[in-house]
Every structure is written in structure tokens, then in C-alpha cells.
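For reference, the structure discussed in these notes is given below.
The values are calculated or read from the model by the stated rules, or taken from the named source; none is laboratory data. What you see is a predicted model; the values in this text were computed from it and never measured. So basically every Cβ, Gly included, is an ideal-geometry build from the backbone, and we count neighbours across all protein chains shown. These area figures cover heavy atoms from the full protein model, side chains too; ligands, DNA and RNA do not enter into them. Shrake-Rupley method; radii C 1.70, N 1.55, O 1.52, S 1.80 Å.
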Amino acid sequence: MLVETVRKTGLDTAISAALAPWRKLRAVHDPGKILLDVALAVALGGDCLADVGMLRAEPAGFGPVASDPTVSRLVDTLAAGGQRALNAIRSARSQVREHVWKLAGTSAPDATGCVTVDLDGVLVIARSDKEDATATWKKTFGHHPLLGFVDHGTGGSGEPVAGLLRPGNVGSNTAADHITATQLALAQLPKSYRRGRRTLIRTDSAGGTHEFVAWLAKRGRWLSYSVGMTITDAIHQAVLTVPLTAWTPAVEPRGEIRDGAWVAELTGGMLDGWPKGMRLIVRKERPHPGAQLRIADADGMRITCFATNTTGRPIAELELRHRLRARAEDRVRAARATGLRNLPLHDTAQNRVWLEIVQIALDLLAWMPMLALNDQARLWEPRRLRLRLFSPAGQLVTTGRRRILRLAHHWPWTHVVTTALGQLDHLPNPV
């Protein structure tokens, strides 16, 4: 299914064309094919370059696969290529992404005419001394990448559009890094979504800085945003003065009232110094049993706050939209299960290439369900996809110039596999 997704989306030809400058004369293996083979191995559960051996063991399914030394040399070559090599890979992914969204039709993340990008940081633990691995704010040791994901909504998962590798001791709310990650994410979107209100940028409170919000709202960029804000003393005091009549019940995704939660909009001097048009919305909620209140909470209620520039919608709807940013945590969990549990190489330049490989693997694990799976199967995370769809035993038979894939009839999800392969087969071949 993943190999057919690569072929039908044209990812193989796009990556090969992008990496053509790094192909040596008389080379047996194409750099694009090597990179995709590693990405496929990562998508299947691998977490180091040598795991490409699982593809090498099945030439009938994956074709000729490069040796471990050849794979390692390519990563070193791309690492030496620096930003130019990374840009080539990202440009190919962006080109294919636009094509995939057109193939997906009403299942695409932009089917509603809007796109939501979630930014979130993730700590990657280092078990050995690696370049830029430092002590983190959680008193661990490793790196602190900043990732971006396009949200597929309630009917799907999400796909990576930004991966910025950073040292472990970098601050969570570094505005320059959030700007860079947003630029990487926008470059992955179709051109019509790279500016304007149809693109929503969501972050937690790490993105709630003057510099980042001003950059998002800059004239000519006009992006929509929904960013978490730290509860300052001014916000805390303002919440205490909000009259009871100003609080609106919070809502759940299906429209029902959220028990014990209310939202209100703050105005006044707290908006001084922030971009024009910014709105500050707070939520108060009764803490769950056993939860401890923080110093910023008020009147026995848990207080959260976010800023947005969206108008014309009820504040309860805006608060729900921001709360759904929690789906980014699911995307981070999927990334950890797909090559981001650790960074296997020593040099930062090499690990930047690895991060691109991880993103290609996550792309495939998002595109295949979007194009070939239906209903709840579209929501399956990588671990479940591997267990149910990638692991059943099969037999590949070549007879009469035909190739037949035989799967066990008693496997509970055989029909999902066959249906998916049929849907992929009916997609048009790339031009």
C-alpha cells in the first residue's frame, strides 16, 4: 500500500528529480530511491538507517535496495549539501502534497477552503553525546525540535509540514524559531494558502509572544492565528472582574454544552502593544477530581487564555477551535513512533536529513489513509496501521505475466487491505 502510494502520488519521480544533482556518474542506485527506501523502512517501524535491510530482503516488493554503506554515504552527502539539499527535498514534498490534496478531493485537509497548521515542540532524548544535544528544560538530555502539522480534522489524522531541529536548551517560546517553522510550513502548502485568512496558525502558549503574533498579523501576510497566552497578573486580575453575565458556556465538538466550563472575552489595556484586531479569550473550568490549582488560577477555577484575530464567530466556537489544537499531541505521538524516538546520527547536519526522512515517512502514513482508507480506518495511528495492515503474512506469486498477492482470508483486516489496494489502483497515474 505504501509503495503504491509512492507511485500514484509521483513522490518517487519528484524526489529523484530533486536529488539528481547529488547522483554520481555511473552510480547504480538513484539517490531519490535510496531516500524513499529509508523513509519506507521508517514508516514500517524502523528507527535507524540499517533498518532498510527489511526492504532489501524483499526485492520482489521493493526492487533493488542499496547496501548500508551506500545509504550512509548518501546521508553524509546530503548533510554536506546543507540547506540546498534540504530545500530540494522540501520542494519535492510540497509539489507532491498539492497533487495529493487534489487526488483526495473531499477528503483533503483543505476541502472546506481553509487549512489549519499546528506548531508544537517535542523533546527527543539522546542516549549518547551528539552534536547540539544539551540539557533540556525538563532536566533530560537531548534535542528540542519544533514541528508543524496540517490538521486533517475529525475525519483524519495529520501530516507534517515543518521540522526545525534545535538544541535541547533552546527556549520554548523563542519567537524566531516559531517564525522559521511557520515559514517552512507555509512553503509546504499550495500557493493559495501561503497568505490570507484561510490559513490558521495554532500554537500553545509558547507562541504567545509579541514578535510572533505581530509577524503573523503583518500587513500583506494576514494569516489567521489562535495562539495560547501565558496567564499574567493583569489577565488574572481581569478575570476576577468579569461579571457573571459575560461568561458563555463552553461547548463540545458535537455542539453540546461542556459541563463546568465557561468562556469570556477580555478587553481594555491588556491589548495595548499587541497587533490591531487581536482578541483575548479566556476559559474558566472546574478542575477535574484530584487536579491541583495553579497560582494563576482564580476562584477555584482552572484558567486558560488564548489570542486570535478571527471575528464574526461566537467566542465559544473559537475556544473550541483552539482547544482542538490538542490533536497536535497525537501527531507528536505518531512522530515518536515513526523515527523520532531518537535521532540516530551524531552530527546535526545528518540528523536534519533524518528529520526530513521522518517527515516523508509520516507523509506516506497520512496520504495512504487519506487516499485509500475509509471511515474509522482513516484515524488509525502508525502503530495500529503496522499491526493490522502492514504485518499480515502474504505470498507474492508471479504467473502468466501477472503478479498476484495472496493474503490470509481469516486475517480480520484483509478486506481493508484489498479495498485500499483497489482504491489506489483506480487513482490516475501521475503524468
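Listed here are the pairs Lys33/Lys130; Lys102/Lys218; Lys218/Lys276; Lys138/Lys284; Lys8/Lys191; which of them are more than 20 Å apart at the Cα?
On the way: Lys33/Lys130 28 Å; Lys102/Lys218 30 Å; Lys218/Lys276 10 Å; Lys138/Lys284 27 Å; Lys8/Lys191 22 Å.
Flagged as over cut-off: Lys33/Lys130; Lys102/Lys218; Lys138/Lys284; Lys8/Lys191.
With a Förster radius of 45 Å, plug the Cβ-Cβ distance of Val431 and Asp272 into 1/(1 + (r/R0)^6) and report the FRET value to the nearest 0.05.
That gives a FRET efficiency of 0.25.
Using a Gaussian network model on the chain with a 10 Å cutoff between Cα atoms, which of Val65, Val150, Val42 fluctuates the most?
Val65
Select from Thr348, Thr232, Thr136 the residue whose mean-square fluctuation is largest in a Gaussian network model of the chain (Cα-Cα springs shorter than 10 Å).
Largest GNM mean-square fluctuation: Thr232.
What are the ³J(HN,Hα) values, in whole Hz, obtained from phi via the Karplus relation 6.51 cos²θ - 1.76 cosθ + 1.60 with θ = phi - 60°, for each residue of the stretch 317-326 in sequence order, with x given for Gly and Pro?
Those phi angles translate into 5, 5, 5, 5, 4, 6, 5, 5, 4, 4 Hz.
Using a Förster distance of 60 angstrom, determine the FRET efficiency expected from the C-beta separation of Glu317 and Thr70, and round it to 0.05.
It comes out at approximately 0.65.
Using a Gaussian network model of the chain whose springs link C-alpha atoms within less than 10 Å, name the residue from Thr116, Thr414, Thr308 with the highest mean-square fluctuation.
Thr414
Using θ = phi - 60° and the Karplus relation 6.51 cos²θ - 1.76 cosθ + 1.60, list the HN-Hα couplings for the stretch 226-234 in order, rounded to whole Hz, with x at every Gly or Pro.
These are the phi-based 3J(HN,Hα) values: 8, 10, x, 10, 6, 6, 7, 5, 5 Hz.
Between Arg23 and Thr241, take the C-beta separation as r, use R0 = 45 Å, and let me know the FRET efficiency to the nearest 0.05.
In this case the efficiency is close to 0.10.
Which distance in Å, rounded to a whole number, links the C-alpha centroids of the stretch 1-28 and the stretch 164-217?
30 Å
What angle do you read, to the nearest 10 degrees and between 0 and 90, between the alpha-carbon axis of helix 175-188 and the longest principal axis of the chain?
Helix 175-188 sits roughly 50 degrees off the main axis of the chain.
Using a 1.4 Å probe, what is the accessible area per residue for the stretch 170-329, in Å²?
So the stretch 170-329 comes to 50 Å² accessible per residue, rounded to a whole number.
Quick check on the chain: helices-only [θ] at 222 nm, where DSSP H runs of length 4 and up contribute -39,500 (n - 2.57) each and the sum goes over total residues. Nearest 500, please.
-11500 deg cm²/dmol
Between 0 and 90 degrees, rounded to the nearest ten: what's the tilt of helix 31-43 against the longest Cα principal axis of the chain?
60 degrees
In the chain, carbon and sulfur make up what percent of the accessible area (probe 1.4 Å)?
Working: 10800 of 20280 Å².
Whole-percent figure for carbon plus sulfur exposure: 53.
In degrees from 0 to 90, rounded to the nearest 10, what is the angle of the helix 68-104 Cα long axis to the longest principal axis of the chain?
70 degrees
Could you derive backbone 3J(HN,Hα) for the stretch 327-337 from the dihedral phi with the Karplus parameters 6.51, -1.76 and 1.60 (θ = phi - 60°), listing whole Hz in sequence and x where the residue is Gly or Pro?
4, 4, 5, 5, 5, 5, 4, 5, 5, 4, 7
Hey, can you grab everything whose amide H is under 5 Å from the amide H of Thr116? Only 5+ residues off in sequence or another chain; H modelled, so Pro and N-termini drop out.
Those qualifying (amide H under 5 Å, at least 5 residues apart or on another chain) are Asp151, Leu200.
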